[in-house]
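Q: If you scroll down you'll find the structure; I have some questions about it.
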There are 2 protein chains.
Amino acid sequence: MINLASIFHSGLIPDFVVGSPLLATEPSSESTSLVLAGVLLSLVFIYLASKLGGELSKLVDLPPVLGELVAGVVVGVSALHLLVFPETGATASDSVVMTILQQVGGLTPEAVGSVFSTQSEVISVLAELGVIVLLFEIGLESDLRELQKVGSRAAIVAVVGVVAPFIAGTAGLMLIFGMPTIPAVFAGAALTATSIGITSKVLSELGQLKSTEGQIIVGAAVIDDVLGIIVLAVVASLAKTGDVDIVNLVYLIISATAFLLGSIFLGKFFNKSFVAIAEKLQTRGKLVIPALIFALSMAFLANAIHLEAILGAFAAGLVLDETDKRKELDQQIIPIADILVPIFFVSVGARVDLSVLNPASADNREGLVIAAFLVVVAIIGKIITGWAIWGKEKINRLAIGIGMIPRGEVGLVFAGIGAASGVLDKPLQAAIIIMVILTTFVAPPLLRFAFQQEGEVVEEVAENSDLALEVKN
Amino acid sequence: MINLASIFHSGLIPDFVVGSPLLATEPSSESTSLVLAGVLLSLVFIYLASKLGGELSKLVDLPPVLGELVAGVVVGVSALHLLVFPETGATASDSVVMTILQQVGGLTPEAVGSVFSTQSEVISVLAELGVIVLLFEIGLESDLRELQKVGSRAAIVAVVGVVAPFIAGTAGLMLIFGMPTIPAVFAGAALTATSIGITSKVLSELGQLKSTEGQIIVGAAVIDDVLGIIVLAVVASLAKTGDVDIVNLVYLIISATAFLLGSIFLGKFFNKSFVAIAEKLQTRGKLVIPALIFALSMAFLANAIHLEAILGAFAAGLVLDETDKRKELDQQIIPIADILVPIFFVSVGARVDLSVLNPASADNREGLVIAAFLVVVAIIGKIITGWAIWGKEKINRLAIGIGMIPRGEVGLVFAGIGAASGVLDKPLQAAIIIMVILTTFVAPPLLRFAFQQEGEVVEEVAENSDLALEVKN
């Protein structure tokens, strides 16, 4: 593995360029300026990676988001160390950005720790804002009526996609591998997740977001996210006390249901007042700022009642989708999404530590066997969901099943919490991470294949909005 | 003064809603989620304030940016405490956002300090990105050839605008107020700054960015920024050692000159390859991402050689302005600027502490007298710059002088560094802050007045780009 940090440490950059301690008299403004420098450099690496990865993917006819993920792995903790995060165990000395700042920016060894953790936090929050804006955009492009039409089918897909891999995974780990109940339940729970971000982005890139299959997948992924939070609550309290906190569970179920139904209900009334307000405004950003106020408030609300912020943003998008400002708003959200969303995908890739795949370590070998089992369960457990839909309707059942496969960042959250609480030993932890990586990376090309099988790949809608803008100018 | 924090502290929100400690098993992911919640809530407050302030300003026919600044003061440390920063001496318990998070988000008293400082840092960096994007946009809308045409006049305006207030201020403080040399020199130095962000935003709102006066003001503000950094370097080393670091000074002058000339030179070659690259790309964000990579790299470079990041972004805008992708790019930068720039202006307002205006405190009374003197010098010292331009050319000299008046965030940096290094006593510090506030707030309406005098206020270009987008849809 290449580590650029060591190249910079070796002193190839002359001391002449090393910063002066001029502004050191004001520590907080000095450190803000260094944090800003770190963020600027990280963003340059992220954007370079996302464009290189996305374009290469596109050249070989794969969804660009897959390239962004892979590019993230390349610049991340697994290889170049251009973008590393403290949560993955990296320290400031692993970070090429910090090394460059020490060489050219006058960053002192004493300040490097706090500047590293703050700039990483800023990038993490920007990535979170990216997935919030992505889900807002997906909500805007989804149709609430269409989504309600597919509601029952989406619910079946979600429930089967949670129950099947959970039971198969937990039972398999206990019976085949003789694992104790609690870690087995935890690993089974990690199998239930679906990454709504990755799935919806791929659908959008394939121009399938508005197809029946697309709407079922998005609807199911949303429901799956809610179920995932409930499952996480259950296993987390199980892991901590060996017991399930019923009050908390009931609270979560009620608040999640109330939030989703409340948003739909709210939508019917709110969208008229939104248009009325937006039409009265006269200063710059008169449409996009009120829309963001609404989306961010909903995201905060969802976060505050212990759901995920992205669910709130998605609901906000659905509500505003019903207005006649939709097209105009969508047009303006596109460039904002274009600059924020890549931060999310590259970061997800950068956090993946490929060293768990190295069979030279004994821990990994055990992990690899368990991983193989988990991957099979993870894929089959979700693919069957397509056939869980009743009726003889002509529908691309394979595509629906594949659409539910990627675990993405949600799976990483499970692995992270499990590791921190001490429930998962090293091999099991590695196995879960491998399962997350493989399901995430295998889904986009499979999904394209599934849609192509039926000759359903239409022109890429997302790309066209860019082109449309160009033609107009 | 109203402090919403106390209302929330009083327990009006039931304990029922208080968060569960569910996810507390994973401290770093938990704290990221709380930081995210804090950022979401802060952004909601910022956007609400910016829209309310901007629209009210517009209604009474003032530049919207003035309303955003005032709204910032209202939500900031001076009044509502919805947005406070640790640098201004605020603690987590002053922050309404933190109080709300403790009530509804499960933020523990132990974690509140670090969550507060991290979320403030995130908002500060977002504000910095805002002014970077603003200057990039201003650069895109400026014309390098036009700017070169006004170059010598802009240089005169900048030099006179630095020398005149510096000498008048320093001499006045020493002779009239009997102040020692070093604090007098520091206060004089604080008078030299010009806020390029505020000035250029007002010009853009008045549709005067491309007029000869507008180009002279922008050019002079850029040169003033460079001069300001050199002045700051001189007084900071003077304040610390009583002596000036000549090596550092020479380094700063050379690097600043090389950077600005280098960018112009680079522009002639780079813009063709930029267009060639952008035209080859096929994935989303194919224009805006390469442009941002360039702008952020230039910003980082400027920051790394101890200039300001915004100068790099401005230079990047100038370079890309020469390409035939300019219009399309400008169109896509607008929504990005719309969501980032208000964060900057509201933050500048929020950091202003109006309590220095309260004459009940003895320190303030002495400060108010010195402030009155500084304000007069600050305004006259810049207004005369218009008449420093040689020749009998018919030109709005008053407008040019007024355009240089606002000290904005640059002045606050001087005050902050002075306070931290102990050079400035309380009254002088308060006086500088008052000078910064008044010059910042008085400039936008005066500038509009100066242009109106000559019947020069054209239709607001910035607004029209919004409208144009609307008409197209």
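The values are calculated or read from the model by the stated rules, or taken from the named source; none is laboratory data. Here the structure is a predicted model, which is why all the values come from computation and not from measurement. Because the Cβ atoms are built from the backbone with ideal geometry, glycine has one as well, and the counts that use them run over all protein chains shown.
Q: For region B:60-71, what are the residues that are at pLDDT below 90 and not acidic (D, E)?
A: Answer for region B:60-71, where residues must be at pLDDT below 90 and not acidic (D, E): B:V60, B:L62, B:P63, B:P64, B:V65, B:L66, B:G67, B:L69, B:V70.
Q: Please tell me if A:T212 is touching a residue at least 24 places away in the same chain (Cβ under 8 Å) and buried (at least 24 other Cβ atoms within 10 Å of the Cβ).
A: Taking the combined requirement at face value, the residue does not satisfy it.
Q: Moving on. Does region A:272-323 hold any residues that are at pLDDT 90 or above and at positive phi, and which are they?
A: none
Q: Name every residue in region B:109-133 that is surrounded by fewer than 22 Cβ atoms within 10 Å (Cβ to Cβ) and free of Cβ contacts under 8 Å to residues at least 12 places away in the same chain, in order of residue number.
A: B:P109, B:E110
Q: Look through B:E459, B:E463 and report the one residue that is at pLDDT below 80, over 24 Å from the mean Cα position of the chain (by Cα) and surrounded by fewer than 23 Cβ atoms within 10 Å (Cβ to Cβ).
A: Only one candidate passes the filter, namely B:E459.
Q: If you check B:V104 against the conditions, is it within 14 Å of chain A (Cβ to nearest Cβ), over 21 Å from B:E213 (Cα atoms) and buried (at least 24 other Cβ atoms within 10 Å of the Cβ)?
A: Criteria not met by B:V104.
Q: Further question on the same structure: Is there any pair linking a residue in region B:240-255 that is at the interface with chain A (Cβ under 8 Å from one of its Cβ atoms) to one that is aromatic (F, W, Y), with Cβ under 8 Å and at least six apart or on different chains, and which?
A: none
Q: Tell me, which helices (runs of 4 or more DSSP H) wholly within region B:169-272 include 1 or more residues that are in the same structural domain as B:E409 (by TED's automatic domain parsing) and more than 28 Å from B:Q148 (Cα to Cα)?
A: B:181-190, B:212-241
Q: Quick check on region A:435-456. Is at least one of its residues within 14 Å of chain B (Cβ to nearest Cβ), modelled with pLDDT under 80, touching a helix residue (DSSP H, G or I) at 6+ places or on another chain (Cβ under 7 Å) and on the phi < 0 side of the Ramachandran plot?
A: no
Q: Specify the residue that is farthest from B:E279 (Cα to Cα); the eligible residues are those in region B:322-364 that are surrounded by fewer than 24 Cβ atoms within 10 Å (Cβ to Cβ) and among the hydroxyl-bearing types (S, T, Y).
A: Here the answer is B:S361.
Q: Taking region A:273-305 as the search range and keeping residues that are part of a helix (DSSP H, G or I) and among the hydroxyl-bearing types (S, T, Y), which one is farthest from the other protein chains (Cβ to nearest Cβ)?
A: The selected residue is A:S273.
Q: Related question: Can you confirm whether region A:228-237 contains a residue that is within 14 Å of another protein chain (Cβ to nearest Cβ) and polar (S, T, N, Q)?
A: Yes, region A:228-237 has at least one match.
Q: Which condition number in (1) more than 22 Å from the chain's Cα centre (by Cα); (2) modelled with pLDDT of 85 or more is the one that B:S263 fails?
A: Among (1) more than 22 Å from the chain's Cα centre (by Cα); (2) modelled with pLDDT of 85 or more, B:S263 violates only (2).
Q: Can you go through B:S6, B:S10, B:S29 and tell me which one is farther than 17 Å from B:A127 by Cα, modelled with pLDDT under 90 and within 13 Å of another protein chain (Cβ to nearest Cβ)?
A: B:S29
Q: Return yes when A:L428 is part of a helix (DSSP H, G or I) and not small (G, A, S) and no when it is not.
A: yes
Q: Does B:F116 meet the test of being within 14 Å of chain A (Cβ to nearest Cβ) and at pLDDT 90 or above?
A: The answer is yes for B:F116.
Q: What number of residues in region A:141-163 are of a type outside the set (V, I, T) and either at pLDDT below 85 or outside the structural domain of A:T199 (by TED's automatic domain parsing) (or both)?
A: The total comes to 10.
Q: Just to be sure, is B:V97 aliphatic (A, V, I, L, M) and either within 14 Å of chain A (Cβ to nearest Cβ) or touching a residue at least 24 places away in the same chain (Cβ under 8 Å) (or both)?
A: Here the answer is yes, as B:V97 does meet what is asked.
Q: Tell me which residues, restricted to region B:88-101, are of a type in the set (G, A, S) and surrounded by fewer than 24 Cβ atoms within 10 Å (Cβ to Cβ).
A: Listed by number, the residues that qualify are B:G89, B:A90, B:S93.
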